[in-house]
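Worksheet: one structure, shown below.
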Amino acid sequence: MRVIVPLPGNEVFARDLSAAGGWELGAIETRRFPDGETYVRLLDDVTDKRVDLVCTLALPDDGFLRLIFAADAARALGAREVTLVAPYLAYMRQDHRFQPGEAISSRSFARLISSSFDRLITVDPHLHRYPALSALYTIPADTLHAAPLLADWIAGHVEMPLLIGPDEESEQWVSVIAERIGAPFTVLKKIRHGDRSVDIDLPDLGPWRDRQPVLADDIASSGRTLIDAARKLALQGFAKPVCAVVHGVFAEDSYERLQAFSARIVSCDSIPHPSNAIGLAPLIASALASRHARAEALVRHRRPPEPLDEVERAGVDSFPASDPPPWTGG
């Protein structure tokens, strides 16, 4: 039996995932103590159930401890397996020590996740120097791909598309999409000068000027790559491009700036955003269902469920003043 439990801000995605798989939708209570510490309570009986904690990891620092506490509580309460469903997986950027003393946060983050969960399911993590998530995570990690979903959306909403990858890394996305819908594609060259400064080398695309350009990529974070590509397309006389991305991070005011150069911006719902047009719940539900039969042999509990102590059995608040618990010496 499986229960889908959303962390705060993930309720809509969890509801869609629950509906797609026909699974129980759970709930969680969280709040802050006056001193700023986090309170977490699972509101469903998770004993002997597979618990899937749904939490997109955009802006992960704000709720990471809450996520870890929820996973730990689920296991302590007897969950059969605890899976992290993270449509967007954070901390993939820092994959190398570029300057002395830097933390390789991708490895540190992976160790923390691997120590708290039995499985990880995510969509198109931003792998760069790592060949696969297995190079980072010590738990089974399922990497799902949204390119076919982007392709189907483009086929249904854009006439005569020209697929354009804004940089060399995006070739894997645009080539799959172009092949699926039978459209031409090209890939631009990006010259990065830092986190906030990029230049795009745009070749002459004149032979395709009668087509609608579609900029496709896995992630829009600062948006600078897409903005520069869209701006230079206009200089060649193209119509404003449609921008289709898997993960719409859109830091700071990048979404508004990109809108000025785009006909439309669409993203998958891995991160809640007004641009969301492509749902990932069916894709993830299919992955959860397909591995259900083989999960038994791979489940690993880092410790057995904790037995209830006297406080939990009786309820801390239920002790009458005249009958204090025995360990108080009264």
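Read-outs: derived from the displayed coordinates by stated rules, not from any lab. For clarity, every value in this text was computed on a predicted model and none was experimentally measured. Neighbour counts run over all protein chains shown; Cβ positions are idealised from the backbone, glycine included.
Across the chain, how many lysine pairs, 8 or more apart or on two chains, come within less than 27 Å at their alpha-carbon atoms?
For the chain, qualifying lysine pairs total 5.
At 10 °C and 1.306 mPa s, what whole-number value in µm²/s does Stokes-Einstein give for the translational diffusion of the range 85-178, with Rh from the Kirkwood sum over Cα pairs?
In µm²/s, the coefficient rounds to 105.
Take every DSSP beta bridge whose two residues both sit in the chain, then give the antiparallel share in percent to the nearest 5.
Given both bridge residues lie in the chain, the antiparallel proportion sits at roughly 20 percent.
Post the alpha-carbon centroid distance, the range 28-83 to the range 148-193, in whole angstrom.
Distance between centres, Cα-based: 38 Å.
Highest GNM mean-square fluctuation, the chain, Cα pairs closer than 10 Å: which of Pro148, Pro140, Pro207?
Top of the fluctuation ranking is Pro207.
For volume of the Cα convex hull per residue in Å³, the listed values are (1) 165; (2) 299; (3) 152; which was obtained by calculation from the structure presented?
From the options (1) 165; (2) 299; (3) 152, the structure gives (1).
Among DSSP beta bridges whose residues both lie in the range 147-278, state the antiparallel percentage, nearest 5.
Antiparallel bridges make up about 20 percent of those DSSP assigns within the range 147-278.
Just from its helices, what would the mean residue ellipticity at 222 nm be for the chain, if runs of 4 or more DSSP H residues each count -39500 (n - 2.57) and the sum is divided by every residue, rounded to the nearest 500 deg cm²/dmol?
The helix contribution divided over the chain gives -8000 deg cm²/dmol.
Report the label-to-label distance for Thr30 and Arg111 in nanometres (one decimal), using points 7 Å from each Cα along the Cα→Cβ vector.
Distance between the two pseudo-spin positions: 2.4 nm.
Given points 7 Å out from each Cα along the Cα-Cβ axis, report the Leu235 to Glu102 separation in nanometres with one decimal.
2.9
Which residue, chosen from Ser270, Ile164, Phe238, occupies the Cα position most advanced towards the positive end of the dipole of the range 147-278, where the dipole is computed from +1 (Lys, Arg) and -1 (Asp, Glu) charges on Cβ about the Cα centre?
Of the options given, the answer is Phe238.
Starting from one equal scatterer on each C-alpha and no solvent at all, send me the Debye-based log10 I(q)/I(0) for the range 1-80 at q = 0.11, 0.15 Å⁻¹, two decimals.
For the range 1-80, the Cα-only Debye profile gives -0.27, -0.50.
At what distance in nm do the modelled label points of Asp44 and Ala155 sit from each other, each positioned 7 Å from its Cα along Cα→Cβ?
3.4
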